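Beneath this line is the structure, given in structure tokens, with notes to follow.
The values are calculated or read from the model by the stated rules, or taken from the named source; none is laboratory data. Small disclaimer: the values here were computed from a predicted structure and weren't measured. Cβ placement follows ideal geometry from the backbone for every residue including glycine, while neighbour counts extend to all protein chains displayed.
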Amino acid sequence: MVSVRSRCLINDGNGAQRAVQIADALGVACEHPVRNGYYNSSRSPGLPRLFAITCESAGLTKEILQEMLTRHILKLSAYILIFLIYLGYAKADVSILAVIAQTVFSGDLIGGLVNLLRYLHKVQKTEQALIQFFRTSSDINDPHALAIGLAAHTDYECAKEESAVLLDSKIYDKRNSGYTERWNRLRSEFKIDS
């Protein structure tokens with residue numbers, strides 16, 4: 001499980017990133033420096049830009065989480081397999097069996113799996129809601145569309161805080177350029193930067 005100190009650092013980092021994201025989206029200054037060109041949106045400042053930035057972030061986060069989840073499931077499966085193999089030996093040492101059982105069914109492994117699944121589900125919902133926002137009507141004067149965009153952005157930020165999952169930077173580095181190509185296709189298809 002994530003330590004209290006790690007959770008605080010992750011939450012502080014998310015808070016700083018959120019401030020920069022909102023400042024960039026709305027074209028205003030904040031206490032943290034804006035990273036020019038970091039966000040892949042040519043939309044002018046405003047809420048639709050914030051929603052585009054959030055949609056892009058959710059999509060890349062989804063891809064990273066899917067790979068992290070796959071790795072987590074493989075690790076858990078390996079532990080279960082070791083447990084079952086060792087359980088099959090007639091002369092199995094009960095104390096070793098107990099250690100393996102504690103490892104397999106520990107809160108870290110099972111809790112981590114549940115946390116990743118919940119986070120992934122919420123990120124997928126965010127991405128789908130924002131794609132729907134841009135697909136149907138990104139008219140910021142439409143209260144219904146505005147509510148969809150704001151709810152999706154808020155849900156995404158809450159999911160990051162709740163999960164306190166630190167995304168794997170190696171997976172990010174591996175997936176970023178491929179996702180950028182996918183994002184550029186989405187931007188074009190749904191006129192996200194219009």
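Annotations
- Residue 168 being surrounded by fewer than 16 Cβ atoms within 10 Å (Cβ to Cβ) and modelled with pLDDT of 90 or more: yes
- For the residues 147, 159, the requirement of being at pLDDT 90 or above and small (Gly, Ala, Ser) singles out 159.
- The test for being at pLDDT 90 or above, at negative phi and either surrounded by 17 or more Cβ atoms within 10 Å (Cβ to Cβ) or basic (Lys, Arg) (or both) holds for residue 131.
- Counting the residues of segment 110-129 that are within 20 Å of residue 75 (Cβ to Cβ) and in contact (Cβ under 8 Å) with a residue 40 or more places away in the chain gives 9.
- The criterion of at least 1 residues that are touching a Ser or Thr at 6+ places or on another chain (Cβ under 9 Å) is met by the following helices (runs of 4 or more DSSP H) wholly inside segment 91-173: 107-136, 143-163.
- Qualifying residues in segment 20-66 (those that are at pLDDT below 80 and assigned to a helix (DSSP H, G or I)) - the one surrounded by the fewest Cβ atoms within 10 Å (Cβ to Cβ): 26
- Close pairs (6 angstrom Cβ cut-off, 6 or more residues apart or separate chains): in contact (Cβ under 8 Å) with a residue 60 or more places away in the chain in segment 45-64, assigned to a helix (DSSP H, G or I) and of a type in the set (Val, Ile, Thr) anywhere: 58/123; 58/126; 61/123; 62/123; 64/171
- Within segment 156-185, restricting attention to residues that are among the hydroxyl-bearing types (Ser, Thr, Tyr) and in contact with a Lys or Arg (Cβ under 8 Å, 6 or more places away or on another chain), the residue that is farthest from residue 69 (Cα to Cα) is 156.
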